[in-house]
Every structure is written in C-alpha cells, then in structure tokens.
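Right, one structure below, let's go through it.
The values are calculated or read from the model by the stated rules, or taken from the named source; none is laboratory data. All of these numbers come straight from a predicted model, not from anything done at the bench. Here the Cβ positions follow ideal geometry from the backbone for every residue, glycine too, while neighbour counts run over all protein chains shown.
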Amino acid sequence: MQRLKDQVAIVTGGAQGIGGATARRFAEEGARVLIADVDEAAAVANRDRIREAGGTAELLVTDVSKHDQVRAMVERAVELWGGLHLLVNNAYGGGRGQQGSAVEVSEEGWDHGMALLVKSMFLAVKYAAPHIQRAGGGAIVNIASVHGLLMAPGKLVYEAGKSAVIGLTKQMACDFGPVGIRVNCICPGHIVTERMARRWATTPRASSSSTSSTRCAAPGSRWTSPTRSSSSAPTRRRSSRATRSSSTAG
C-alpha cells in the first residue's frame, strides 16, 4: 500500500543527496513531488528517474535564500496539484566566507549561510503551513544535523545554523501541532551522498579526515547513505500533537 498516495510534497534541495533520495521515496509511496533546487541539471535527472519508475514529479529551479522564489515554489506546487501536505526543508549549499571561526568568517558569509540554513525554513513554512492546514493537516520536516548537537572547530556557520534549525523546529511544533501539522527535524550523521562518494573515489584520506571531529565527539556514529536517511521522513499525514524532540540518525 502506498502510504502517501495522492498527497503533494515539496522537497528543497531535492535534486540529489538526502533530498534526492527523499523525493524518490515519497514518489514511491504515491506522493506527487515538487523538486526545488538550484542545480537544474541534477533536478531534471532526479525528476526523470522518478517518472521512469512510475512516479509523479516536477521541478522548479529555486534559490531558497530568496523570499520571492520560496513563495513561488509553494504556489507552484499548489497550482500543479491543488494543495500541499508535506514539506521537507533540506536545501543547503555552503558558500564563500563561511568556513572558520568567528574571526575568520566574513559578515557576508555569515549572512548568506544563515539565509540558506535558517531563513529559508522560516520562509518555506510561512507560505506552506496555511496550505497544509487547509488540506487537513500534514507534516513538515527540517533537516538539521548531528552538527547541531555536537560542535566541531572551524565550522561556525554550519554548526550555528543547524543548532538554530533544532530550536526552530521545536518552536514550530508548538505553533502548528495543535492544527494538525507535525513538525520534526532529523539530525543525520555522515551521509555518503553522490558528491561525497565522488570525493572519496579521488581523495579517500581527505574525506575521512573531514569527518574526524564528528566521529571523535560521537564515537558510536556510523556513515550511511541518502536512501537510508530518507526512510526517516514522514509517511503519515496527520497528528494533533506537537512533536518537540528531534531525532538523530547516522
């Protein structure tokens, strides 16, 4: 039985990695999926992969740090399929000036990183939640990270942003749980995405060392794949109870 049959979902950063696998899993479960991503070529490839498997998917090139583009993303999903039930806030792409400590990060890097990591989720929920409520309830999933729980040196923007996502999620659960919208975050560990797999193929030692701080902080952690991580996403539509805790996968 398809657990998401005829529901409408938006997955930001849905071209590849965790977002790509989530989009495919939702489609397998019967959802109609809008892939929102800045990488048009990768989004086209994932859309076509879903369609070839018998699923329903469309794409929209979207920069989630831009207010007008996030609003257009939600409007497009509703225009295509008449409503919205599921939102996965996953997109993040890094950028210049975001690496290092508070001394090394540029103000522009900080602002852009926060726009991608935190502001994007605020904007997506701002426009999506009313439609999800009108549809009778649904679910919002914000992708946080183990880096929101365990800090690493030289990663100020990412660690601060992912920590904020956890707090954002808890607060949103208070607001929207009572109206039938579950809000959760997932805190994955190290995920071997397509991009990371290519990096490992050329420089395995560098890739391993890049995760050493997280592994030291969480010695029981393990690496996993986007497909496995996507299994943590919602497969039920309604709940009248606010979910205030975040789960850690990986």
### Summary
Quick count over the range 60-82, residues being in a loop (DSSP other than H, G, I, E, B), out of contact with any strand residue (DSSP E or B) (no Cβ under 7 Å at 6 or more places or on another chain), closer than 21 Å to residue 113 by Cα and of a type outside the set (Asp, Glu), is 2
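Condition test on residue 100, is it surrounded by 15 or more Cβ atoms within 10 Å (Cβ to Cβ), over 27 Å from residue 35 (Cβ atoms) and modelled with pLDDT of 95 or more? Give the steps one after another, and end with the answer.
On the way: surrounded by 15 or more Cβ atoms within 10 Å (Cβ to Cβ): yes; over 27 Å from residue 35 (Cβ atoms): yes; modelled with pLDDT of 95 or more: yes.
So residue 100 passes the test.
Considering each of 136, 109, 97 in turn, give the residue that is more than 20 Å from the chain's Cα centre (by Cα), more than 18 Å from residue 10 (Cβ to Cβ) and not in a helix (DSSP H, G or I).
Numbers: 136 fails: more than 18 Å from residue 10 (Cβ to Cβ); 109 fails: not in a helix (DSSP H, G or I).
Result of the check over 136, 109, 97: 97.
For residues that are of a type in the set (S, T, N, Q) and crowded, with 19+ Cβ neighbours inside 10 Å, scanning just the range 129-151, find the one that is nearest to residue 3 (Cα to Cα).
Going through the range 129-151, the residues of a type in the set (S, T, N, Q) turn out to be 133, 142, 145.
This time we only want the ones that are crowded, with 19+ Cβ neighbours inside 10 Å, so: 142, 145.
Details: 142: 20, 145: 26 Å.
Here the answer is 142.
So which residues in the range 43-76 are over 22 Å from residue 121 (Cα atoms) and among the aliphatic types (A, V, I, L, M), if there are any at all?
Residues of the range 43-76 that are over 22 Å from residue 121 (Cα atoms), as a first pass: 44-56.
If the condition is that a residue be over 22 Å from residue 121 (Cα atoms) and among the aliphatic types (A, V, I, L, M), then 44, 45, 50, 53 are the ones that fit.
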## Note on the structure
Those residues of the range 120-153 which are at pLDDT 95 or above and small (Gly, Ala, Ser) amount to 120, 124, 128, 129, 135, 136, 137, 138, 139, 144
### Task
Please work out if residue 57 is in a loop (DSSP other than H, G, I, E, B) and in contact with a strand residue (DSSP E or B) (Cβ under 7 Å, 6 or more places away or on another chain).
no
